[in-house]
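Step one of this worksheet: look at the structure below.
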Amino acid sequence: MERREFIALGALLFSPLAHADPQPLRIGLTPTLLHERHALLARWKAYLEPRLGVPVSFVLRDSYSDTMDLIKQRRLDVAWLSDYPYVLMKPHVRLLVTPLKDGRPYYRSYLIVPARDKRTRSLADLEGKIFAYADPYSHTGYLFPRHELAALGKSPKSFFGRTFFTWSHRKAIEAVAQHLADGAAVESYVWDALAREEPRVTGGTRIVSRSREFGFPPLVTLKAFPEKTFQSLRRVLMEMERDVQGREILADLHINGFIPAKPDLYAEVESMARQAGRQDDGAGI
Amino acid sequence: MARVFDLSFRYKIPLWGSVLIAVVALTLTLSFMLQAHDDLKRDMLANSDNLGRVLVKTLYAPMLHDDVWRAYEIVKAPFSAGSPPGSFRAEGLILLDARHEVFVSSQPDSWPMRTPMARLGQAYARLDEKLRAAPKTMAISTEDEGVILLALPMISDDVDIGHLVLVHPAGFYWPRFRELAWRALLITGLVLSVLLPINWYWGRRMAVPVERLAERMDELGKLDPESSPSDDYPYRDELGRLFQAYNRMHAEMAEKATLEQRMVKADRLAALGRLAAGIAHEINNPLGGLMTSLDTVKLHAAPDPVLDRFLPYLERGLAQIRDIVAALLVETKARSRPLAAQDIDDVRTLLAQEAKKRDVEWTWDNRAGDASGLPATLVRQVLINLVLNALQAAGVGGHVLVRCVGSEAGLKLEIENDGAVIPDELMKNLFEPFTGLNEEGHGLGLWVTHQIVEQLGGGIHVESRDGRTRFSVELPKGDCAWQPSASV
């Protein structure tokens, strides 16, 4: 039922209408949308198609892992992935561009608690409490807080009294705002966008701490993606900020533009992922 | 209380009817409302139960997968803003795990996750005991704790995985009930607003004739012969029969009263007649002597200035006494010639001057004939008296009708005028002497007329209404040789 009401980092991929156009470019969108915004995507599609000279279709899925599966099955050409899934998918994909947020290619993890909780100063204060994770493949909403706990010498498995997944950052924010959870870690990009669009939801929460910056979720292509198309796609995306139409679409996506993605942006999350390893897989579904 | 029973039927009947109608209507409404109250509560709990069972099915997967958020979204859904009002009155949902701790609830503030059910409140603790005593069953709490809890078991593969508890505020069915009750009262009000006026109308329809009958019965004592029998109630039910009986009684009493009045009047006139005749007789004898003596004095006494001066006074005084006595005696002695039609015409001729003087238009209808055998002088006197009275009463420009009709039975005289009617108080003593119907005569005219008619064995009566006054005299046939009795 809630699959409809849906959020940012959840994988938003629109099913390709394969039979409609001969060689459509299949793009899986992840981090940018707060809601299903078909009108926005239609505008983006209309913007991209004449510039690329190929039909474009969007593919949307409910969880990070679903999108990752689509990549593995080569049923996508391009995807907008969170950084952690990118690291996990690295063998299959190639970095295309990184969006700019406030002119910089970074985002953070916010530790949030209900607004009525005035006492919590750090993650350590939440021991024994109920904690909401966004998605087992989320960096800011899962990997980072667990990494922090490990750094504090706590076991992520036993530190909290109870944890659960909401499968999206927006819902994690709602879980905290409605006092279902005592805390959650969410993506700065989603919280900030939500604070602008639905301040009543974020008003129920308080940001306890902001993490250091991490590379913004990048757009990637399959390794096998043709070089020529790769280059023209990168150019079209990077030139979006130069015309009015493109800027309007970017503004609705709550970003400023794109720059070529560099692997060092994601070096840190890669090392965190390595540390987390596969040993705490159990926290997944 | 007695005062209530003393009230007029006019109020008592409608009041009783109203009280009965109101009591019946309110009793029906009340019993309907009680029934509706119970039904509503049961129906709404049944609704709740149904909804709970649907929810339970969808909650298995999240429970088994430990997916708190999915479960939360499911238990929250019935309370989201978009759900239709009135369909679901539970206040909240609590999903309990197998250990009877809150797995998730629709209101994390009131029922936080991981709280043991027993610690949520007394009602919850009691329900918890019930559930532990009989797991895998449905349970419902009593209403006395301010909440009604409905717990539905969740059993997977014969394993108890938890319960879904539906929390209803005590009296959760009240808003719906108020709606129903309000509508019921409205309808009752409408029914009453139709029935009460009808009842009031019927009550009055019944009461008013009874009241009027009672009033008439009260008046029966001081019976006014003029009061007409009642036609207030033209129907043939018991009340109608009462009215008929009343009317019969009224008519009989009125007749009796009239008869009595007439007898009293006749007695009085007869007594008066005897008295007047007696006195007149007694006066008449010395009067004759006085008159004779006066003549003797006039003829034979020596001229004397004093006598010359006072004799005329004496003479006039005695003449006046004689006239009055003569009138009282109803002198009828010598002239016993039978009446002829000509006699009536003579009276007309005699009074023509008077009629002209008074400027009265008159009409004569003389069919008296010559066979009545009545004494002419007396009939003429009666006719003269009545016509003179009529001329006087008609006044200037008035009309008088005189009709004399002879028949086998006798003679009938009718004298009619269109002058002022005779006032009631005068009517009672009309035929008594000195009643003074007018200022001109000595007040003996009608009395004398009455005396004569009585002596002739006839009757006289008067009708005076609607601007017409009619004297009717009926005389039986007499014989020519009729003589007045000596005593009169």
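Each reported figure results from applying straightforward, stated rules to the coordinates on display, with no laboratory input. Computed from a predicted structure; not experimentally measured. Every residue, glycine among them, receives a Cβ derived from its backbone with ideal geometry; neighbour counts consider all protein chains shown.
Tabulated data
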quantity: Flagged links, alpha-carbon separation over 22 Å, of B:412/B:477; A:154/A:262; A:157/A:262; A:45/A:171; calculated: A:154/A:262; A:157/A:262; A:45/A:171
quantity: Span from the the stretch A:163-208 Cα centroid across to the the stretch A:67-136 one, whole angstrom; calculated: 14
quantity: Shape of chain A, Cα gyration tensor, a/c cut at 1.5; calculated: prolate
quantity: For the stretch A:106-214, the Rg and Dmax computed from alpha carbons only, in angstrom; calculated: 12.3, 38
quantity: Cα-based radius of gyration of the stretch B:334-476 once divided by 2.2 N^0.38 Å, which approximates compact folds; calculated: 0.99
quantity: Highest average packing first - B:108-121, A:178-191, B:449-462, Cβ atoms within 10 Å; calculated: A:178-191, B:449-462, B:108-121
quantity: Calculated P(r) tail over 19 Å for the stretch B:161-270, as whole % of Cα pairs; calculated: 69
quantity: Whole-number D in µm²/s for the stretch B:223-329 (Stokes-Einstein; Kirkwood sum over Cα pairs; 10 °C, 1.306 mPa s); calculated: 82
quantity: Lysine pair count for the stretch B:2-177 [Cα-Cα under 23 Å; pairs on different chains or 8 or more apart]; calculated: 4
quantity: Unit Cα scatterers, Debye sum, the protein assembly as shown: log10 I(q)/I(0) for q = 0.06, 0.09, 0.10 Å⁻¹; calculated: -0.62, -0.96, -1.05
quantity: Spherically averaged projected area in nm², based on the convex hull that wraps the Cα atoms of the stretch A:30-100; calculated: 5.3
quantity: Computed over the stretch B:2-177, Kirkwood Rh from alpha-carbon pairs, angstrom; calculated: 18.5
quantity: P(r) histogram, all alpha-carbon pairs of the stretch B:270-360 included - 10 Å bins from 0, percent; calculated: 13, 26, 26, 26, 9, 0
quantity: Sequence ranges B:412-419, B:160-167, B:172-179, B:191-198, ranked by mean other-Cβ count within 10 angstrom, highest first; calculated: B:160-167, B:412-419, B:172-179, B:191-198
quantity: Sum of -39500 (n - 2.57) over DSSP H runs of 4+, divided by residues of chain B (222 nm, nearest 500); calculated: -19500 deg cm²/dmol
quantity: Fraction in percent of alpha-carbon pairs per bin - 10 Å, chain B; calculated: 3, 12, 13, 10, 8, 7, 6, 5, 5, 5, 5, 7, 7, 5, 2, 1, 0, 0
quantity: For the stretch B:446-466 and the stretch B:271-301, distance of Cα centres in Å; calculated: 28
quantity: For the stretch B:236-332, with +1 on Lys and Arg beta carbons and -1 on Asp and Glu, the positive-most of B:327, B:285, B:305 along the dipole; calculated: B:327
quantity: Viscosity 1.002 mPa s, 20 °C: Kirkwood-radius Stokes-Einstein D of the stretch B:85-127 over Cα pairs, µm²/s; calculated: 198
quantity: Inter-chain Cβ neighbour average for residues B:301-310, partner chain, 10 Å; calculated: 0
quantity: Net dipole in debye of the protein assembly as shown [+1 Lys, Arg Cβ; -1 Asp, Glu Cβ; about Cα centre; nearest 20]; calculated: 4660
